[in-house]
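For reference, the structure is listed below as C-alpha cells.
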Amino acid sequence: MSEVWEAAADLVVVGSGVAGLTAALDAAELGLRVVVVTKDAPDAGSTRWAQGGIAVVLGDVSGDSVDAHIVDTLTAGGGLSEALAVREIVSAGPSAVARLRARGAVFDAGGDGRLARGREGGHSAFRVIHAGGDATGAEIERALVAAVQDRQLPMLAGHVATDVLRAESGEVAGLGVLDDAGRPGVLHAPAVLLATGGYGQLYASSTNPATATGDGVALALRAGATVADLEFVQFHPTALCPVAAPGTGRRTRAVGRLPLVTEAVRGEGAVLLDRAGRRFMTGVHPLADLAPRDVVAAAITRTLADTGAEHVHLDATAVPQFAVRFPTVFAACRAVGVDPVREPIPVTPAAHYACGGVVTDLHGRTAVPGLYAAGEVARTGLHGANRLASNSLLEGLVIGERAARAVAADRQVPRAMGVVLPEPAPAVAIAPRSIVQHAMTVAAGIGRDAAGLASASDAVEAAIALRVPTDRTAVEDAALTLLAQAVLAAAGHRRETRGCHVRTDFPERDDVWQRSSLVIGLDGAGRPTVQEMAVAA
Ligand code: SIN
C-alpha cells in the first residue's frame, strides 16, 4: 500500500454543490480552517443540473405568502414532512437567497424590474426564482465556485471519501480519502460535513450526473449515523426520452443520464398527452398537469402501462418564446432531433431526487458527534414522502449556512481526540453496478410489490463480493450496493402507498404508516436494518 499522506483542518466538507460550498464559505467566514473534498471536478455534482430554481417567498408577489409555501410543502410531503422543519427552512429562504445573491449569483429579472418567477408542480403560486431561464443550478454553482476560489479555500478535487474516521470515543476525527490514482490520504478534523448529493445512479435512467452514487449515506451509515425515508425516491415526471433512430432494434435510448425537461415548462402552460393525444392529467388531480410530482409521475407510469408506450408527450408548442425561456431544454431537445416549438416532446419519468437521507437536526447535526450533513444527502424533515419542486436548493442554502454555524459553536466544547485509523481498511459488500441498477429499475421504481422487492434483494445479495475498495469506482459501487440493500429493505417494510413510494400490493395510503422508517446501523453481516421512528407521545 502507498504511504498515507496527512493534513489537518477544523472542518472537512465532502461535496461541492450548493450545500457544501455554502457551508464551506460560511465556516471560513467564521474563522474555521476548511477543506473541501470532491471526487470529481468541483461543478460535477447535481447542483449544476438543477433547472427550475429556488422556491422562495420574497414578499413581492401578490397573493403569495410564506404560509402558502408551507402548506404546499406539507401537502406535497404526504403527511411525513415535519412542520417545524418546513416552517424554519421556508421562512429562512429570503435571507439565504440574499446571501447567495451577495456572493454573485444573478437571477432573471421580470419586465417590472423585480425577480421573475416560475411555477412548478404542487405550487399554488408563481414563486420559483430562476437564472439563465432554466440554468439556475449552473449559475449558483458558478457563483459559489468563484467565491471559493476568490477566498482561496483549499479544494481537493479528484478525491473520493472512503471513511469517516472516529476516535475511540466515537467522535469524528477526520476523513479517509483516495485520490484518482488510488493513493490514500487522511484529513484530520473534528468535524466532517457530508454534502454529497443523492443516489440517482441506483437506477438505469436518472436525471442525476454520474457522481450521484449515495456516497454520503454509505459513509454516514458506516460511521453509525441514522438514516431515514430512503424508500421515497422521487422520479421526475418529465425526463427527455430520446426516440431511437430507426433500425437500431431498440425503441428508445432512455438509459443513463436523461436530460431534464423542467416542470417550469408545465408552469408556463405545457400539457401532457398520451399516445392518442388525450390530456390524461385532467381528472387525476385538481392541479392537473401541475399536480405534485409524485402524482404526475405515477399517472404517467400508469398511462405507459395502459397504452404500452415507452413515453408520453409534453406539448409545449403554446409556450411563448420557448427557446428564450428554456434554453437548456431547447438545446437538449434539438440535440435529439425534437423541435419543442413545433412538436410535442417525448418524456418519461426518471429517478431524480432522494427525499430521505442522513437524519439531521435543523443545523445539520447527525447522531454522531462531529458528523454533519446538508443538502440532498440529509433528511431534515422538510421533504417527507415527496419533495416539493425547487425546495431542494432552498434547503441546501439554509442548512449549509446553519451547519457552518453549528460546527463553529460545537467546537467550543472541548473534545478528546485521537484518531483510530481503519487499518487494514475493511472489506465491504460490493455488487456490480449493472446488476444493482437492473434490480432497482425492475423492482424499486414507481410501482413496487413484496415479491419484486424480495427478488431484487436476492439478485443483489447473490452478486455481492466482499472486498476492500481501492479506487473511486469500487467506493461508489460499495455505496450503491449498501443503498440498494437499504432502499429495498425500507420499501419492503412500508406496506402502503404514500408520496413517491407506490406499492402495487398496498395501493392505498394507510395512516398506521404515518411515520418515518429508519435505518439504524448495520447488522453483523454489514446489512442495513429497518425500524420505525417512535411516534411522539
Ligand atoms: C425541475 O426543474 O423540474 C426540477 C426542479 C427540482 O427538482 O426541484
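The values are calculated or read from the model by the stated rules, or taken from the named source; none is laboratory data. Quick caveat, the model's predicted, so the values are computed rather than measured. A quick note on method: Cβ atoms are made from the backbone with ideal geometry, for glycine too, and the neighbour counts reach across all protein chains shown. Only protein heavy atoms, including side chains, enter the accessible area calculation; ligands, DNA and RNA are left aside. Shrake-Rupley method; radii C 1.70, N 1.55, O 1.52, S 1.80 Å.
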Consider Ser434 carefully, then state whether it is at pLDDT 95 or above and surrounded by fewer than 17 Cβ atoms within 10 Å (Cβ to Cβ).
yes
Residue within the range 156-179 that is hydroxyl-bearing (Ser, Thr, Tyr), within 30 Å of Phe330 (Cβ to Cβ) and in contact with a helix residue (DSSP H, G or I) (Cβ under 8 Å, 6 or more places away or on another chain) present:
no
When you scan the range 340-351, do you find a residue that is within 15 Å of Asp229 (Cβ to Cβ) and within 16 Å of the ligand (Cβ to nearest atom), even just one?
no
Note down all Cβ pairs under 9 Å where the first residue falls in the range 333-356 and is farther than 17 Å from Thr262 by Cα, the second is assigned to a loop (DSSP other than H, G, I, E, B) and aromatic (Phe, Trp, Tyr), and they're at least six residues apart or on different chains.
Ala354/Tyr199; Ala354/Phe232; Cys355/Phe232; Gly356/Phe232
The residue from Arg402, Arg448, Arg379 that alone is in contact (Cβ under 8 Å) with a residue 24 or more places away in the chain, open to solvent by less than 60 Å² (accessible area, probe 1.4 Å) and over 19 Å from Val14 (Cα atoms) is Arg448
Filter result (part of a loop (DSSP other than H, G, I, E, B) and open to solvent by 40 Å² or more (accessible area, probe 1.4 Å)) within the range 133-158
Gln152, Pro154
Scanning the range 134-169 for residues that are acidic (Asp, Glu) and within 16 Å of the ligand (Cβ to nearest atom) gives Asp134, Glu139, Glu141
Subset of the range 42-58, residues away from the ligand (no atom under 14 Å from the Cβ), open to solvent by 40 Å² or more (accessible area, probe 1.4 Å) and touching a strand residue (DSSP E or B) at 6+ places or on another chain (Cβ under 8 Å), comes to Leu58
With respect to the numbered conditions (1) within 14 Å of the ligand (Cβ to nearest atom); (2) in a helix (DSSP H, G or I), which one is the sole condition not fulfilled by Glu120?
(2)
Positions within the range 368-393 being out of contact with any helix residue (DSSP H, G or I) (no Cβ under 7 Å at 6 or more places or on another chain) and more than 16 Å from the ligand (Cβ to nearest atom), in sequence order:
Pro369, Gly370, Arg379
Which is in contact (Cβ under 8 Å) with a residue 12 or more places away in the chain, open to solvent by 10 Å² or more (accessible area, probe 1.4 Å), over 22 Å from Ile435 (Cα atoms) and not aromatic (Phe, Trp, Tyr), of Arg527, Arg495?
Arg495
Evaluation of Ala195 against (1) modelled with pLDDT of 95 or more; (2) open to solvent by less than 20 Å² (accessible area, probe 1.4 Å); (3) over 21 Å from Glu376 (Cβ atoms) (one fails), failing number:
(3)
State whether the residues of the range 322-341 include one that is under 30 Å from Ala19 (Cβ atoms), open to solvent by 20 Å² or more (accessible area, probe 1.4 Å), outside any loop (DSSP other than H, G, I, E, B) and of a type in the set (Ser, Thr, Tyr).
yes
Cβ pairs under 8 Å, 6+ apart, first in the range 294-306 and touching a residue at least 12 places away in the same chain (Cβ under 8 Å) and outside any helix (DSSP H, G or I), second among the basic types (Lys, Arg) and surrounded by 22 or more Cβ atoms within 10 Å (Cβ to Cβ):
none
Let me confirm something: among Phe326, Phe322, which residue is touching a helix residue (DSSP H, G or I) at 6+ places or on another chain (Cβ under 8 Å) and within 13 Å of the ligand (Cβ to nearest atom)?
Phe326
Of the criteria (1) modelled with pLDDT under 95; (2) over 22 Å from Gly384 (Cα atoms), which one Trp513 fails:
(2)
Would you check which residues across the range 345-365 are in a loop (DSSP other than H, G, I, E, B) and open to solvent by less than 50 Å² (accessible area, probe 1.4 Å) and list them?
Cys355, Gly356, Thr360, Leu362, Gly364
